[in-house]
Amino acid sequence: VEFKDYVVVLEGGQNEARGLAVIAETKRLFPTKRIRYVVNTHPHFDHAGGLPPFVAEGITILEHDNSRYFMEAALSEPRTLVGDVLAKSRKKAKVEGVIDKLVLQDGTRTLELHAVKNLDHSDAMLIAYLPKEKILFSADFNVAAPGEPLTPSLQTLAANVERLQLDFDQHVTVHPGDPDRPLSRAYLMELMKE
C-alpha cells in the first residue's frame, strides 16, 4: 500500500525466501520510498514465517496486540540457522500492537487495520481496509465452494464487516479463492443468507 512518503506491506508470510522476495519486489515497485510497516494478520507460521527479513531491514511489524509480545519474543530469540538474514543483521524486532483499530493516513491514502472479534481461528486476527478504494484485505477467511456449507470463519468475518460497517467492492484474500466468484461485500452478505 503506497503512501506519500512510505509503503506498507500487507503480510510477509511463508518463509525467509518469500519475505526477501516481497521486500525486493516492493523496492522495485517503489524505489524512492521506504517500507515503514509490514502488517502481520495473525501469528500462525504461514503468515509470520517471512517476517525475519523485514526485521533485518528495520521495518516495524503491525500485529494484533494479543500476539505482540509473542512475536517480539519469537523474533528476538537467538537465530541458529546458517545464513539467516535476521541473525546476520543482529536487529531486534520492532512490533506495534493494534488493540481494536489503527488508522494510517496521509494526504494520499488511508489504511485501516481492524481487530476481528469472536474468531475461533485466532484471537489475534487483523483485517485491512482501504476506504477510498473500497478494498478489504484478509487472511484465512476462505470462501466455501459451491454447494459446501458456509464456514464459521466466514460467518465471523461477515459479522465483523457488519459491526465495523465496512463498505467494500473487492475482497482480497491471502489464500486465493475461486477467481470466477467476485469477493465483494454484496457477495459476502448474499452468502450469509444461504
Given that just one value was derived from the coordinates, which of (i) 11.3; (ii) 15.5; (iii) 18.2 is mean projected area of the Cα convex hull in nm²?
(i)
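For the ranges 30-38, 98-106, 121-129, what's the packing order if you count other beta-carbon atoms within 10 Å of each residue, average per peptide, and put the highest first?
121-129, 30-38, 98-106
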For the chain, what is the mean residue ellipticity at 222 nm derived from helices alone (per DSSP H run of n ≥ 4: -39500 (n - 2.57); sum divided by total residues; nearest 500 deg cm²/dmol)?
-9000 deg cm²/dmol
To the nearest 10 degrees, how steeply does helix 16-29 sit against the main Cα axis of the chain, on a 0 to 90 scale?
80
Helix 65-76: inclination vs the chain longest Cα principal axis, degrees, rounded to 10, gives 30
Explain nothing, just the number: dipole magnitude of the chain about its Cα centre with +1 on each Lys and Arg Cβ and -1 on each Asp and Glu Cβ, in debye rounded to the nearest 20.
880
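Read-outs throughout are calculated quantities, based only on the coordinates presented, and are distinct from any laboratory measurement. Small disclaimer: the values here were computed from a predicted structure and weren't measured. Every residue, glycine among them, receives a Cβ derived from its backbone with ideal geometry; neighbour counts consider all protein chains shown.
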